Every structure is written in C-alpha cells, then in structure tokens.
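Novice: Okay, handing you the structure first.
The values are calculated or read from the model by the stated rules, or taken from the named source; none is laboratory data. Because the structure is a prediction, the values reported are computed rather than measured. Positions of Cβ are generated from backbone atoms using ideal geometry, with glycine treated the same way; all protein chains shown enter the neighbour counts. Ligands, DNA and RNA are stripped out before the accessible areas are found, and what is left, the full protein with its side chains, is counted by its heavy atoms. Shrake-Rupley method; radii C 1.70, N 1.55, O 1.52, S 1.80 Å.
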Amino acid sequence: MGFCLAAILNSCREDTGSTGANILPPNDQISAYETDTTSVLTSMFLKDSIITDDTVYSGLGSYNDPIFGQYKSSIYAQIFSPVGATTTTIPWANDSVPVDSVVLILPYITGVATSYYGNLDPQTIVVDTLESPIHATNSAGNYVAYYSDTSIKYDAAHPIGMQQIVPLNPYYGHDTAVRVKLKKGWWQSIMNRITNNPNYYTTFDSLVKGLYITVSNSLQLPGQGGILFIYLNQGSFACIDFYYHDKSTPTIPYYVQFPIGGTFFSHIDRSYVTAPFANIHPSGKHDSIPANNLMYVQGAGGVEGRVNFPNLYKNWQGKKNILINKAEVDFT
C-alpha cells in the first residue's frame, strides 16, 4: 500500500521594494516550503472486542471472508411475555388447547445496501435456551455492558430449533425475516407449567431466561456465506409466534406473539488462519503486526491499522514561524 504525506506552506512573495521586507523584522518573514516525502510506518493489531448490546442491528450468520477468513456472528436475546397477558386472558395450553406450532421470527433490514454482508447463501439457524438470564443492570443498579466476546451459558445439548433458511433479497419487496420452527414439546411444557399460575410473569421469566441464536454451517469456501443484520429494537416485530386452537372451535386459529429483544447483544467469532498476515501474527492481541506492503482493517472489533510518521516532527522542528496551509495522507 502506498502512502504519501504532503505539507504545503504558502505565503506572500518576498517584497524587495521600498515597503514590505525592509519594514518587517527578519524573523517574521515566511517562505514557501513543500515536502512530499517522509518516513511512514504502518502496523496492525487485533482489537479485544467492542460493545454490541442494544445496538440498532445485530449480526446473524457466518461468512468466509476472502481476506480475513471465517467470520461468525450469533445473538443473545431476551424473550418476554405479551403485554397484559395473564392466565385468564389467554387459554394456555392444556388438554383442550393444544399447541399447533411455534415459530421464531427475526426481521432483517429491507431495501438498503446494508441489509447483509457477504451473500444471501443458505444458513442453518440453531436456537438454544440460556441457562442464565441477561441482565440490563447489576445488583447495584448500574448498566451492564455486553461485548462481542461475551458468552452466556446455554443448553447446547438440547436445541429447541434447527432449520436451514435461504435469505430473500431485501430489494424485491419480500417479507425479509428469518423464520425458524421451534419444538412444540418445549413450548408445551412451558405453557403447562404456567397454566393456572397466578404469578404468570415471574413463572415465565424463570422458565425462559433467554435465547442463543447461532448458525451451524458446513464448510464454506472463500466468498461464501453472509451476515444478516437482524432488527431487534422495540417495535421491530421480532417475536416467537405461538399458534394454537381450541378443540371446541377447531376451525378458528389463534396465535400469541412473545416479543424478542429487550437486552440483547451479538457474539462474534473469528479465525484468521487463512488471512494474508496469519503467518506473522503474534501471540498477543495487543502486539502489533508489521504491515510493510499492505495494511488491513476490519470493523466490529476486528483488525485495526496504525499509520505513524516517526520523523515528521524532526523534518519541521528546525523551521520557525511555520504556517501549514495543507497536510494530507493519501491511501492507494
């Protein structure tokens, strides 16, 4: 990668006539000077992480980046009972009200170029339940930050949903949402334990601490896969749809939506094994990686680049009364 630093200093032309230079003190005279060469040192280092909780969008999917290698983004999110729901307003699952189906719905951005990163290739979505809740604040009432390398224990041995989806192109007016069917037996057991319980909200929150939504994709070649930007903010319509019917009126379908969101964050996994700089990568994240020819940068807590000019001050410190009109760095 080529770099150049240009600094141009301009002033009025020296006046050798009867006014101007013969009046100004010699120390106040400014001459024009320009340089387009200086020592440039470039390096890279890996960032530890970034805060990813309660952002506008959360990434979901895996992508084999041709330069940086494998990139995978998963989501931890809370699930809530419907507003105003009680065991008397909704006929929860029992012998006369069986569960028909349970579907997780995750909308992603539509109609803009930032709807996804990579490609709209098939993705196998896996949904697990958390074993510990996600807390927005700690016991002292202070805000809890969640980072891209934060993990919460989940029940990996018993996923409640696994389904391959093919994302639709958001430019063509499709209903752009990830839909994953969840196990009816899991939901039925929760509803059965809530039925006729006066402490409805407390019981539901204790049974469903949250969801871990990730992907399990087969080997992806460079350029395959993609990251969908899921919209989980309030009003995003991210939810679990619970469909059921009453045996007394079997032709009438019913459904209830359980919102997804609240406190949520993205967890990001990366592998730089196939990256061009993998063979020179140091053991520590904070150690710099030489970037003599090419410097790479990656967002979301990835690779950060540094450009240093070690001799810049030395080049100018001997000159006094400097007025810098322009200084720029050009990246090729």
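Novice: Please work out how much accessible surface V273 shows to a 1.4 Å probe, ignoring ligands, DNA and RNA, in Å² rounded to 10.
Specialist: Spelled out: V273, probe radius 1.4 Å, area about 120 Å².
Novice: Could the peptides 211-222, 117-128, 54-65 be put in order, highest first, of the mean number of other beta-carbon atoms found within 10 Å of their residues?
Specialist: Going by the mean number of other Cβ atoms within 10 Å, highest first, we get 54-65, 117-128, 211-222.
Novice: Here's a follow-up. Which pairs, out of K47/K326; K181/K209; K184/K247; K47/K209; K209/K247, put more than 25 Å between their alpha-carbon atoms?
Specialist: Pairs exceeding the cut-off: K47/K326; K47/K209; K209/K247.
Novice: Quick one: what are the phi-derived ³J(HN,Hα) couplings along region 180-194, Karplus 6.51/-1.76/1.60 with θ = phi - 60°, whole Hz, x for glycine and proline?
Specialist: 10, 6, 9, 5, 5, x, 5, 5, 4, 5, 5, 5, 5, 7, 8
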